[in-house]
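Written below as structure tokens is the structure these notes are about.
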């Protein structure tokens, strides 16, 4: 029987075929993953054992060599893009797909945060499988002795297991699943795995600019960051920038008895707390004049995306054990504005080591999270003007006696390298294609986030290549990244394999 509405019937047929193809892809990938769970976990276990942290250059080199070998074994053309002495290489891979019209770069980083082993429940570089998150009644599991399928709530604990080695393993497993099912990638694939993101990516700009033709593409997909706290698949279109500051406030040249000299000799700890209160209020609002002058307003589309996110504030308050939040905004809205974060304060001693003495100095460690169109330079200028207007003398080295005698308020500022934020266009054809593909893979709605609250130097990709840059995170939000007992939940790894497979085999625009 002929359809009386031939165009409509054609569209319905195409939609139905697309749905069937997506379902078929999901089924094929899930079957492959189910049959290879032990090998996939073994791959993550192996990579987590490599000490790829900034303090261990040999570990970084070993990680780069291993990742290059894994790509080469899968038929990729590979190369290590080195910035020269002083920096680990970016591992590059390329695989051309017959008939593909677009080229996509898949980015992740293979380095991890520094570790303090005494803070961990187990060795950070000997991965341990546990039945759940810490303090949940969990127990250790000898996963190699257990038959699959594994419990999807199990977690592998180890440094960089989730940030970002899980994304690398998900990409490799997704590629293997497609190859096993005979599916050809829908895009030409390039891989860029960086080795110093946790150190601020000091050589990334150089590597990108020196290899601009090699890394040219139509889209960058960023495999960094955790999923939305609702566990819904998330797509993000930018990340806040960052710059750091260590500020030292000076008092007397030696510690003094606070009974004999208190109320007369200035107390650096008190000066530090007063200064912080002048720079930032209890709701986290930054009080520094001019700090937010360059902030770009959110667009109506971006604001709508924030409103459409599933609510998670009450859940997180229970999870974190907090009775209030800073300000009256929800979490996603608060992450769209700049932040003044106090990483730590050190002055004098407490507890059993406390003495009735006025400390000689106070050290404040700060990071500023930036939004478009702020720059580290504009933030530095605003902070230093604020301090000088308040009567502070700024120094860059330890002050000598003459400087101490001449000035009553002395602050030593040690600025860290930083980088600006990115909030890219959510309406490009590539963006729409990524969102649609993610929805098909997730079999439901995805969380669309205009800008991630954390910082990744992805502004460089947009700046150098002038193409869309979109975040594709897969790891669990409660993964303890950047802290002790970092972990990767298995279900997030399984879901990540499916989302990567969809981006490799079904992404088109």
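Being more than 18 Å from residue 44 (Cβ to Cβ) and under 23 Å from the mean Cα position of the chain (by Cα) is the filter here, so list the residues in region 126-142 that pass it.
Of everything in region 126-142, just one residue is more than 18 Å from residue 44 (Cβ to Cβ) and under 23 Å from the mean Cα position of the chain (by Cα), namely 134.
Could we say that residue 391 is surrounded by 12 or more Cβ atoms within 10 Å (Cβ to Cβ), part of a loop (DSSP other than H, G, I, E, B), assigned by TED's automatic domain parsing to the domain that holds residue 247 and modelled with pLDDT of 95 or more here?
No; evaluated as a whole, the condition is false for this residue.
Can you tell me which residue in region 82-105 is nearest to residue 505 (Cα to Cα), limited to those that are in contact with a helix residue (DSSP H, G or I) (Cβ under 6 Å, 6 or more places away or on another chain) and buried (at least 19 other Cβ atoms within 10 Å of the Cβ)?
Filtering region 82-105 for residues that are in contact with a helix residue (DSSP H, G or I) (Cβ under 6 Å, 6 or more places away or on another chain) and buried (at least 19 other Cβ atoms within 10 Å of the Cβ), the one nearest to residue 505 (Cα to Cα) comes out as 93.
Go over the candidates 432, 412 one by one and state the one that is farther than 30 Å from residue 300 by Cα, out of contact with any helix residue (DSSP H, G or I) (no Cβ under 9 Å at 6 or more places or on another chain) and in contact (Cβ under 8 Å) with a residue 60 or more places away in the chain.
412
Taking region 144-162 as the region of interest, how many residues are farther than 16 Å from residue 49 by Cα and in contact (Cβ under 8 Å) with a residue 24 or more places away in the chain?
7
Given the residues 430, 411, 502, which is the only one that is farther than 30 Å from residue 275 by Cβ, in contact with a strand residue (DSSP E or B) (Cβ under 6 Å, 6 or more places away or on another chain) and either at pLDDT 95 or above or assigned to a loop (DSSP other than H, G, I, E, B) (or both)?
Unique residue meeting the criteria: 430.
The values are calculated or read from the model by the stated rules, or taken from the named source; none is laboratory data. Computed from a prediction, not measured in an experiment: that's the story for all the values here. Note that we place each Cβ from the backbone using ideal geometry, even for glycine, and neighbour counts take in every protein chain shown.
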